[in-house]
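Peer 1: This structure is in structure tokens; I'll ask about it shortly.
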Amino acid sequence: MAGFNASNKSPFRTATLWLIWGWLLIFALLPNILVIAVSFLSRDSSAFISLPVSIDSYVRMIDPLYFDVFVHSLWMAGITTVLCLLLGYPFAWIVSKAKARWQPLLMMMLILPFWTNSLVRTYALKLLFANNGLINKALLAVGMIDAPIDILYTQGAVIAGLTYLLFPFMVLPLYAVFTDLRNDMLLASQDLGATKTQTFWHVILPLTTPGIISGVLLVLLPAMGMFYVADILGGSRNLLVGNIIKNQFLDARDWPFGAAASVLLTLAMAVLLLAYRASSRRIGKTDFNEVA
């Protein structure tokens with residue numbers, strides 16, 4: 001009977017593995033290879049790309065016009081990541097310390113907004129931030145301001161929108177590492193005379209570093225690519241790298257330059273993945289598949 005069951009499982013397991021590897025090859029590896037290849041080609045007004053092979057697209061990255069956008073985009077994405085971390089770290093800690101019966105409900109409330117398309121939620125923020133929006137109306141009603149303040153089409157509006165959309169991506173990996181945090185280590189630290197601050201800096205923070213890096217990985221790079229948030233909330237003065245990529249592919253029809261910008265984001269993700277791997281090894285964690 002055992003041999004019969006094993007023989008039945010083998011074809012299914014083989015078919016599943018082929019399906020997974022085929023999916024990854026066709027929809028993950030192959031598109032990335034094509035993007036890298038296109039980034040080294042030349043622009044063509046009729047065929048989009050053409051020979052000869054060139055690195056001009058990468059050289060254009062240092063052009064002040066585009067370099068400033070990259071720096072500004074990184075600045076806004078960095079602030080978004082810091083805000084998500086400052087808000088998400090204590091939030092994940094509180095949820096992980098709540099009673100077991102309440103934790104699923106709290107996490108459900110966190111992911112409930114995902115049931116609505118992020119584009120719809122971004123337009124909802126526009127209604128809040130507008131000069132005649134709910135925020136200004138509320139401030140005028142209580143007498144805190146005499147005239148509507150400009151919130152929409154500012155850098156702050158873009159950062160607020162990115163923080164709102166990406167906050168759950170910071171909380172989820174932090175919640176995972178907090179639930180794996182052993183209480184006996186915290187008790188041992190206290191027994192050895194460490195204060196709460198010392199316990200946090202020397203025990204809790206190092207052990208939760210993989211979750212922090214995972215959260216940064218899931219927030220920083222998407223924040224640089226969510227072009228529709230900048231389009232809706234920031235206007236033309238607060239562009240992200242995603243806006244450059246979109247404009248190069250759809251408007252300027254400069255596919256090599258758009259592909260080169262995409263490759264840079266991919267390389268940044270690789271660097272963060274290496275940092276996550278290094279931090280996981282430092283605390284003796286070997287299951288690197290938990291990054292997502």
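Peer 1: Projecting each Cα onto the charge dipole of the chain (Lys/Arg +1, Asp/Glu -1 at the beta carbon, about the Cα centre), which of 158, 90, 10 comes out farthest on the positive side?
Peer 2: 10
Peer 1: Let me ask another. Sorted by packing (mean other beta-carbon atoms within 10 Å per residue), highest first, where do 83-91, 16-24 land?
Peer 2: In decreasing order of mean packing, 83-91, 16-24 become 83-91, 16-24.
Peer 1: To the nearest 0.05, how large is the calculated FRET efficiency for residue 62 and residue 134 if R₀ is 45 Å and r is the Cβ-Cβ distance?
Peer 2: Here the calculated transfer efficiency is 0.55.
Peer 1: Moving on. Among 243, 259, 200, flag the residue with its Cα farthest along the positive direction of the charge dipole of the range 176-286, charges on Cβ as +1 for Lys/Arg and -1 for Asp/Glu.
Peer 2: Going by the Cα projections, it comes out as 200.
Peer 1: By the scheme Lys and Arg +1, Asp and Glu -1, what is the net charge of all other residues having a beta-carbon under 14 Å from that of residue 152?
Peer 2: Result for the neighbourhood of residue 152: +1.
Peer 1: Please report how many Lys pairs in the range 63-291 have alpha carbons closer than 26 angstrom, counting only residues at least 8 apart along the chain or sitting on separate chains.
Peer 2: For the range 63-291, qualifying lysine pairs total 6.
Peer 1: Here is a follow-up. Can you tell me the relative contact order of the chain? Whole percent, Cα pairs under 8 Å, sequence separation 6 or more.
Peer 2: 26
Peer 1: Just going by the charge dipole of the chain, with Lys and Arg at +1 and Asp and Glu at -1 on Cβ, which of 221, 100, 31 is farthest out on the positive end?
Peer 2: It is 100.
Peer 1: Another one. For mean projected area of the Cα convex hull in nm², the choices are (1) 13.3; (2) 23.8; (3) 15.6; which was calculated from the structure?
Peer 2: Recomputing mean projected area of the Cα convex hull in nm² here picks out (2).
Peer 1: Please work out the Kirkwood hydrodynamic radius for the range 1-103, using every pair of different C-alpha atoms, and report it in angstroms with one decimal place.
Peer 2: Its Kirkwood hydrodynamic radius stands at 19.9 Å.
Peer 1: Mind giving me the nanometre distance, one decimal, between the label points for residue 50 and residue 236, set 7 Å out from Cα along Cα→Cβ?
Peer 2: Here the answer is 3.0 nm between the modelled labels.
Peer 1: Given charges of +1 on the Cβ of Lys and Arg and -1 on the Cβ of Asp and Glu, with all other atoms neutral, how large is the dipole of the chain about its Cα centre, in debye to the nearest 20?
Peer 2: 800
Peer 1: What is the spin-label model distance, in nm, from residue 202 to residue 282 if the labels are put 7 Å beyond Cα along the C-beta direction?
Peer 2: Spacing of the two 7 Å Cα→Cβ label points: 1.6 nm.
All of the numbers you see were taken from the coordinates with simple rules; none came from a lab. Just so it is clear, the model here is predicted, and its values are computed rather than measured. Positions of Cβ are generated from backbone atoms using ideal geometry, with glycine treated the same way; all protein chains shown enter the neighbour counts.
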